[in-house]
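The values are calculated or read from the model by the stated rules, or taken from the named source; none is laboratory data. This structure is a prediction, so every number in the text was calculated from the model and none was measured. Methodologically, a virtual Cβ is constructed for each residue, glycine included, from the backbone with ideal geometry; neighbour enumeration extends over all protein chains shown.
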Amino acid sequence: MSRASTYTRMTGGCTTHIATAMLSTVNPTITPASYILDNACGPGTVTTEIKSRHPAARIMATDLSPAMIAEVQESVQRNGWSDVETAVLDVRALTTLADDTFTHIFANLALPVPGDAESGVKIAREMFRVLEIGGVAMASTWADRVWLTAFTRTSLRIRPDQVPQNAMAMAPEYLAGSWLLQQFEKGGFGNNVELRPVVTYSSASSLEELVGNMMLAQGMFFAGFGEEELERATLLLEEELSALRTFEKFDGGVRIGMKAWVATGWKKGDEGR
């Protein structure tokens, strides 16, 4: 299984919900004349959602991971998307993309970059640079990821004297909507920015499937655990996930609710006035 396919299963569709929310409110709307940047595209979640709504849309999908770009290229070939280009690029430095190029830019959960305290402003600045005047950029960040608590509690139940591993932990400041808003403001958009919350879910057809999907991330939480410990972790994670405050059953499966922030910035040409 490819890294990108693993990512898609592990997220349980939560990134797709956020992408859908962004596309449902984007203004100006996407037209056949639009040129769209799917920035830090991952396996192509935003690109896929755009093409399902706007088959003629012209898209550039970029990501630093060659594995993710390969996943997008597979989708391009499978679906016959002749108007989707790809490039391996760092979201903080879109070096091969010219100024004032795109009408729409989407960055779904692309910031911050772990280990780079200035990454938010760098990303916003690059989006502003390659966006044409009159264009719109939208970016999402996490407000909470409730399911990480289940991994922490599971780890402590197995190894109570060891600090739990959590490669996906984020400093509290990054979970505040004000942080995302500030990155856009400092990145060049000035006051031409709006912020809103979006509810999303990680879901599966059953609790067993949900646990199986999330255990694909076991290397980030249970590295060094033995086979018996991992088997126990799978059982305990089922208990901990079902005990989360946002866990719920619905017709067709189970899901865990989470929240994200979405910032929208417009390049109007009056930002420096």
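Figures for the structure shown
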{"item": "Scope the range 247-273; condition in a loop (DSSP other than H, G, I, E, B) and at pLDDT below 95; matching residues", "result": "D251, G252, K268, G269, D270, E271, G272, R273"}
{"item": "Leading residue by the ranking (nearest to A263 (Cα to Cα)) among those in the range 124-149 that are at pLDDT 95 or above and assigned to a helix (DSSP H, G or I)", "result": "A124"}
{"item": "Among (1) buried (at least 19 other Cβ atoms within 10 Å of the Cβ); (2) within 14 Å of the chain's Cα centre (by Cα), the one test that R9 misses", "result": "(1)"}
{"item": "Of all residues in the range 229-272 being in contact with a strand residue (DSSP E or B) (Cβ under 8 Å, 6 or more places away or on another chain) and within 16 Å of L156 (Cβ to Cβ), the one that is surrounded by the fewest Cβ atoms within 10 Å (Cβ to Cβ)", "result": "L244"}
{"item": "Filter pass, G224 being surrounded by fewer than 14 Cβ atoms within 10 Å (Cβ to Cβ), touching a residue at least 12 places away in the same chain (Cβ under 8 Å) and on the phi > 0 side of the Ramachandran plot", "result": "no"}
{"item": "Residue satisfying all of: in the range 31-43; touching a strand residue (DSSP E or B) at 6+ places or on another chain (Cβ under 7 Å) and either buried (at least 19 other Cβ atoms within 10 Å of the Cβ) or of a type in the set (D, E) (or both); nearest to E208 (Cα to Cα) among these", "result": "G42"}
{"item": "Total residues in the range 181-228, condition part of a loop (DSSP other than H, G, I, E, B) and either among the hydroxyl-bearing types (S, T, Y) or out of contact with any strand residue (DSSP E or B) (no Cβ under 8 Å at 6 or more places or on another chain) (or both)", "result": "9"}
{"item": "Residue in the range 192-211 that is surrounded by 17 or more Cβ atoms within 10 Å (Cβ to Cβ) and closer than 23 Å to R125 by Cβ present", "result": "yes"}
{"item": "Neighbours by Cβ (under 8 Å, 6+ apart or cross-chain): first from the range 157-183, at negative phi and surrounded by 14 or more Cβ atoms within 10 Å (Cβ to Cβ); second assigned to a loop (DSSP other than H, G, I, E, B) and aliphatic (A, V, I, L, M)", "result": "Q165/A223; L180/L111; Q183/L111"}
{"item": "Residue within the range 141-156 that is in contact with a His (Cβ under 8 Å, 6 or more places away or on another chain), in contact (Cβ under 8 Å) with a residue 24 or more places away in the chain and more than 28 Å from D270 (Cβ to Cβ) present", "result": "no"}
